[in-house]
Structures are given as structure tokens and as C-alpha cells.
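K.L.:
First the structure, then my questions, so here it is.
Just so it is clear, none of the values below were taken in a lab; they were calculated from the coordinates. Just so it is clear, the model here is predicted, and its values are computed rather than measured. Heads up, the Cβs are rebuilt from the backbone with ideal geometry, glycines too, and the neighbour counts pull from every protein chain shown.
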Amino acid sequence: MAYTHFPVRFALMLLTLALFEPRASAADVTTVKLHSTVRMQSDTECTLGSIAEISGLQAEALSGLKIEITPKVGEWTTVEVENIRKLIKETPTIRGGSVIVVGHTTQLTWRNTLSIPAATAEPKEEVLKPIVEPDPIVGDRVRLWLAKRYGVTLDEMKTTFRESDEEAMNASAVGKMVEVSEIGSSVNTKLRITVYRGDRFESSYTVSAAVRVQRPVLVVQQDIARGAIIESSMIRIEKRWYPAQDAPAQPGEVLGLACTTNLRAGDVIQVEDVTLPIVIERGDIVSVRSIAGSIVANRRARALEDARDGEIFKLESIDRKDRFTARASGPGQAIIADTINQAPAQSPTGE
């Protein structure tokens with residue numbers, strides 16, 4: 001009879017022991033509260049203590065957990081709460097069951113390294129602390145997109161939104177995805193903004209932004225006449241704020257090219273201000289090579305029009321018996337290929 005009731009008695013004994021088992025108190029819980037936005041110096045190591053406010057028994061151990069992120073100055077990186085929880089769970093020295101993580105994401109970016117003054121007679125150790133900034137807004141996400149669109153950093157760009165767009169741009173972006181697409185560009189850049197909260201659509205609207213970027217430009221040092229070939233002594237490179245939609249010529253793009261207009265000292269050279277120089281002028285006697293398969297023939301002809309290097313232009317044989325077209329290949333040189341002359345060329349007068 002006693003043997004029959006042994007399992008019941010054993011269960012009652014286990015229950016009694018469980019009632020006397022000490023339970024974890026509130027003081028055992030460690031809280032990790034993620035900051036929504038953090039800027040750090042680019043030469044500092046990113047730890048959990050850098051991006052979160054930690055309180056509780058395990059605060060010191062948690063603060064030193066290293067977060068594997070590659071710094072990108074001027075760009076934002078999202079640290080997801082799931083990754084933080086996984087890091088805590090996989091760290092054997094941390095009791096993950098008594099850690100509570102509060103927050104969804106942290107937007108993290110790095111500043112350029114600050115210059116440290118020369119050591120004095122009594123150097124003082126300076127501790128760089130993470131700089132916690134206000135929650136990100138929609139305008140922050142839009143500015144990041146524009147910086148990538150125009151190939152500059154945030155420090156090299158100035159953006160002004162219409163007064164009617166300010167309220168939408170100042171709206172909180174915490175826990176939201178902001179999708180940006182360009183729908184037009186003239187004086188200002190027109191954008192379509194679509195906002196999602198999680199996997200749910202929240203809103204969609206258009207904004208207009210005046211964007212100026214700092215970029216190297218070519219400034220004329222002396223007056224340059226139309227048709228003159230640009231040399232390095234005629235120009236200098238400066239960094240200036242410029243409308244993002246404009247197209248100033250970039251260093252290395254203009255040397256050896258000809259001006260299409262008269263330029264004055266102080267002018268910024270635009271892309272349309274330069275072109276390839278004329279290498280053959282009307283009336284020049286040109287050496288023409290005719291290529292047909294593996295056969296090459298040479299002849300001389302008179303140019304009927306000006307031509308730049310690589311351009312197709314009209315010529316006339318020396319005895320004026322026939323007219324044809326060829327491609328300019330440097331001063332006084334031209335090439336006829338099978339694909340150039342599909343039909344006889346007409347004279348400029350239509351003969």
C-alpha cells in the first residue's frame with residue numbers, strides 16, 4: 001500500500017521545496033534603454049554603453065559589450081534591438097534572463113576625429129563621451145538621401161525646404177521607414193516622400209528642396225577669347241557652394257579644349273563653355289585614308305567645312321570630280337571606313 005502512494009508523496013515533496021525556492025527580486029533586473037540617435041567620434045569603439053542607458057546589477061558587464069560596426073563618417077547606421085538581444089544571449093558571462101532591453105532601433109553615425117591639442121606640462125586625460133541627440137526626423141532621412149544622390153557628405157550640402165513642407169520634414173521618424181524618390185529637377189529638386197510604420201503605409205506627399213553643394217570648380221584667371229585652347233595657367237581650382245542641378249566643369253575635363261564663348265576673369269567654367277578644338281578648317285588639304293576590309297588606300301582632298309577631332313565632315317577631291325565624307329582624325333588627317341559613306345555626299349549648295 002505504501003509503495004502504491006510513493007509517486008504522490010514524492011510530488012508533494014517537490015511542490016513543498018519549490019515553494020521555499022528563492023525568487024529573483026526587482027533589484028536583480030538590469031535595464032538597457034537604447035538611445036534613438038547617437039553620434040560618436042570615428043576613432044572610438046562602439047559598445048553597448050555607447051548607445052544605451054544601462055542600470056542594474058549587470059550594468060558594468062553589459063556596458064563593455066562590443067558592437068561590431070564599421071564606422072562610416074557622415075552616414076547613418078541602424079542598430080536593431082534584435083541584434084542587441086542576440087548579443088546579450090550569446091555572451092556567457094551575462095545572465096540574459098534578468099536583462100530587459102527597451103527601444104526599437106538606434107540610429108548611429110560617426111563624426112570626424114577631433115584634433116587633440118599638444119600636451120602641456122600637466123596633461124589631463126580627456127574622456128570622449130557619446131553625444132546623444134534628439135530623435136531623428138523625416139527631414140534627416142531626406143537629407144541623407146540627397147547627399148548620396150549628389151555624391152557629397154552632409155557637411156558639403158545645404159538644403160532648404162519650402163515653408164509649406166517644414167511641418168512634414170520636422171515630423172518624427174522614430175520606428176518609421178522613409179522612402180525617397182526624385183520626380184523632377186529644375187531650380188529645385190522635387191521629391192516624392194512615402195512613410196511606412198513597420199509594414200503599414202502611413203502617408204505619401206511631395207516636397208521641393210533647394211539644394212546647394214560644395215564642390216571644386218574651375219575659375220578663369222584671365223580673359224579667354226572664344227575658340228582659344230584652355231591651358232593650366234588660365235584657370236585655378238576653388239571650392240564653392242553651387243546649386244546641385246548646375247554642371248560646372250570639373251578639374252581635368254577642360255585642358256586642351258576650346259572655348260565656345262568669351263570668358264572673363266572670375267567666371268566659373270561650365271560644361272557647355274568648352275568643346276573639342278577644330279583640327280581641320282574649311283579649305284585645308286587633308287590626307288585621307290580609305291579603309292575597305294584589309295585594303296587601305298591614300299588620297300588627298302580639300303575640306304569643305306570645319307571639323308573637330310572625331311567628327312564626320314565633307315571633302316572634295318583635288319580635281320573636283322567627286323565629293324565624299326570622312327571622319328577627322330587629328331590635324332590634316334581623315335579616315336574613310338565602309339560604314340561612313342553609305343550614299344554620295346551632296347555639296348553645301350545641294351548640288
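K.L.:
Rank these for me by crowding, Trp76, Trp110, going from fewest to most other beta carbons within 10 Å.
P.N.:
Fewest to most other Cβ atoms nearby, the residues stand as Trp76, Trp110.
K.L.:
Can you list the lysines whose alpha carbon sits under 18 Å from that of Lys239, skipping same-chain ones fewer than 8 residues off?
P.N.:
Within reach: Lys158.
K.L.:
In whole Hz, with x marking every Gly and Pro, tabulate ³J(HN,Hα) for segment 218-233 from phi via Karplus 6.51 cos²θ - 1.76 cosθ + 1.60, θ = phi - 60°.
P.N.:
9, 10, 6, 8, 8, 4, 10, 7, 4, x, 5, 8, 7, 10, 4, 6
K.L.:
Please compute the modelled spin-label separation between Ala247 and Thr260, points set 7 Å along Cα→Cβ, answer in nm with one decimal.
P.N.:
Simple spin-label model gives 0.9 nm for this pair.
K.L.:
What aspartates and glutamates sit close enough to Lys176 to cross-link, taking a C-alpha to C-alpha distance under 15 Å and skipping anything fewer than 8 places away on the same chain?
P.N.:
Within the straight-line limit of under 15 Å, Lys176 reaches these aspartates and glutamates: Glu80, Asp135, Asp140, Asp199, Glu202.
K.L.:
On a full-extension model of 0.36 nm per residue, what is the gain between Lys89 and Glu75, subtracting their alpha-carbon distance, rounded to one decimal in nm?
P.N.:
2.2 nm
K.L.:
Taking R0 as 25 Å, what's the FRET efficiency between Ser203 and Thr160 from their Cβ-Cβ distance, rounded to 0.05?
P.N.:
Efficiency at R0 = 25 Å is approximately 0.70.
K.L.:
Tell me, in nm to one decimal, what length is gained between Glu272 and Gln222 on full extension, where the rule is 0.36 nm per residue of separation less the Cα-Cα distance? Provide the component values of the computation, followed by the final result.
P.N.:
Working: separation 50, 0.36 × 50 = 18.00 nm, distance 1.87 nm.
Once the chain is fully extended between Glu272 and Gln222, it gains 16.1 nm.
K.L.:
So, one more: If you stretched the chain out fully between Glu231 and Leu57, how much longer would it get, using 0.36 nm times the residue separation minus the C-alpha to C-alpha distance?
P.N.:
55.6 nm
K.L.:
Label Ser172 and Arg289 with points 7 Å out from Cα along Cα→Cβ: what is the distance between them in nm?
P.N.:
7.2 nm
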